[in-house]
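Values in this text are rule-based calculations from the coordinates and carry no lab data. Because the structure is predicted, anything quoted here is derived from the model rather than measured. For neighbour counting, all protein chains shown are included, and Cβ atoms are generated from backbone atoms with ideal geometry for every residue, glycine included.
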Amino acid sequence: MMTKEEFITLRDFVYEKSGIFFAENKAYLLESRLTNRLDELGLSSFEDYYYCLKYGSDKAKNEIANLFDVVTTNETSFFRNPPQLDAFKILIQKNYLNGSSSIAAPIRIWSAACSTGEEAYTLAIIMEELMQTTKQNIPYTIYATDISQKVLESAKRAVFSQYSIRNTDESFKKKYFAEENNMFKLKENVKKNVKIDFMNLMDENTYRSYKQMDIVFCRNVLIYFDDKVKKKVVENLYESLKPKGFLTIGHAESLHNISRAFKPFVFPGTIAYQKG
Ligand SMILES: C[S@@+](CC[C@H](N)C(=O)[O-])C[C@H]1O[C@@H](n2cnc3c(N)ncnc32)[C@H](O)[C@@H]1O
């Protein structure tokens with residue numbers, strides 16, 4: 001049983017390192033997620049677990065990576081929230097497919113909290129389709145980052161369940177996946193432009209590797225942060241964009257009271273935020 005003091009100590013530690021905030025009515029959630037870690041390490045109290053995290057121990061080297069794996073919620077799927085993907089398509093068509101036969105520099109797209117990769121790979125499929133329909137080569141790189149090593153490993157494997165691709169067109173399933181034992185392995189032509197890496201949105205220093213972005217997707221992660229962290233993250237994402245670049249956040253998320261720096265652009269069923 002986690003005491004109130006243990007909850008507060010661990011809650012503050014998780015918040016400081018990841019930005020994820022567990023309110024007091026979510027103590028049971030933090031407790032159930034950390035219980036497995038205690039069992040695995042053979043520890044008898046949450047206080048001992050905190051000391052492992054804070055000061056390390058032979059048994060618990062890199063325990064912080066395991067902590068990130070268990071405190072994060074990684075729900076995602078291919079073709080999640082179609083209006084945002086339609087807006088993405090319109091933005092690419094309008095800004096980069098204006099009839100000119102060659103695009104000088106690759107378009108830089110960032111899936112900043114990519115979980116198991118479905119969001120980044122969805123954007124890659126959309127780019128591949130746009131190139132085929134317009135018969136134009138559009139060089140692009142999609143950066144896919146997350147704080148959880150476990151989901152990043154899974155993103156790199158790129159083998160997905162039926163559930164994960166439930167909203168994917170049948171024709172895309174056939175074209176971009178190889179089915180094996182009821183699992184769907186993504187083909188190399190979708191993977192080749194997606195670069196997967198660890199990145200903690202709380203770490204100001206790592207944003208310097210993600211500059212000059214044309215479009216940033218940061219969906220369904222701000223909800224786990226409090227306003228202070230949301231403001232800091234959104235400010236850093238703003239700096240990561242090129243002038244006139246676009247930010248997309250989750251459809252249930254809002255920049256109200258978080259940032260006034262962006263210009264909202266209304267698309268059917270969604271809003272994209274443009275850097276001034
Ligand atoms: C619910 S998933 C969203 C996945 C995808 N963007 C989508 O909308 O389908 C949230 C992801 O945010 C990641 N995350 C949480 N805190 C983070 C942080 N501080 N830095 C980077 N990623 C973080 C989690 O590991 C998780 O994979």
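Structure summary
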{"read-out": "For Ile138: the one exception among (1) farther than 22 Å from Lys211 by Cα; (2) more than 21 Å from the chain's Cα centre (by Cα)", "value": "(1)"}
{"read-out": "Output for the stretch 218-265, where each listed residue is in contact with a strand residue (DSSP E or B) (Cβ under 7 Å, 6 or more places away or on another chain) and part of a helix (DSSP H, G or I)", "value": "Leu222, Leu237, Tyr238, Ser240"}
{"read-out": "Number of the exception - Phe184 against (1) in contact with a strand residue (DSSP E or B) (Cβ under 7 Å, 6 or more places away or on another chain); (2) of a type in the set (Phe, Trp, Tyr); (3) under 30 Å from Tyr15 (Cα atoms)", "value": "(3)"}
{"read-out": "Residue in the stretch 162-172 that is closer than 30 Å to Leu67 by Cα, out of contact with any Pro (no Cβ under 8 Å at 6 or more places or on another chain) and more than 16 Å from the ligand (Cβ to nearest atom) present", "value": "yes"}
{"read-out": "Residue count for the stretch 103-126, restricted to those that are over 12 Å from Val216 (Cα atoms) and crowded, with 20+ Cβ neighbours inside 10 Å", "value": "8"}
{"read-out": "Tyr210 touching a residue at least 40 places away in the same chain (Cβ under 8 Å) and within 14 Å of the chain's Cα centre (by Cα)", "value": "yes"}
{"read-out": "Answer residue from the stretch 52-101, given it is within 16 Å of the ligand (Cβ to nearest atom) and of a type in the set (Phe, Trp, Tyr) and is farthest from Ala252 (Cα to Cα) among those", "value": "Phe68"}
{"read-out": "All strands (runs of 3 or more DSSP E) inside the stretch 152-206 with 1 or more residues being closer than 30 Å to Leu237 by Cα", "value": "159-161, 183-186, 194-198"}
{"read-out": "Residue that is surrounded by the most Cβ atoms within 10 Å (Cβ to Cβ) [pool: residues in the stretch 233-261 that are over 20 Å from Glu119 (Cβ atoms) and hydrophobic (A, V, I, L, M, F, W, C)]", "value": "Ile258"}
{"read-out": "Enumeration of residues in the stretch 12-65 that are closer than 20 Å to Asp146 by Cα, charged (D, E, K, R) and touching a helix residue (DSSP H, G or I) at 6+ places or on another chain (Cβ under 6 Å)", "value": "Arg33, Glu63"}
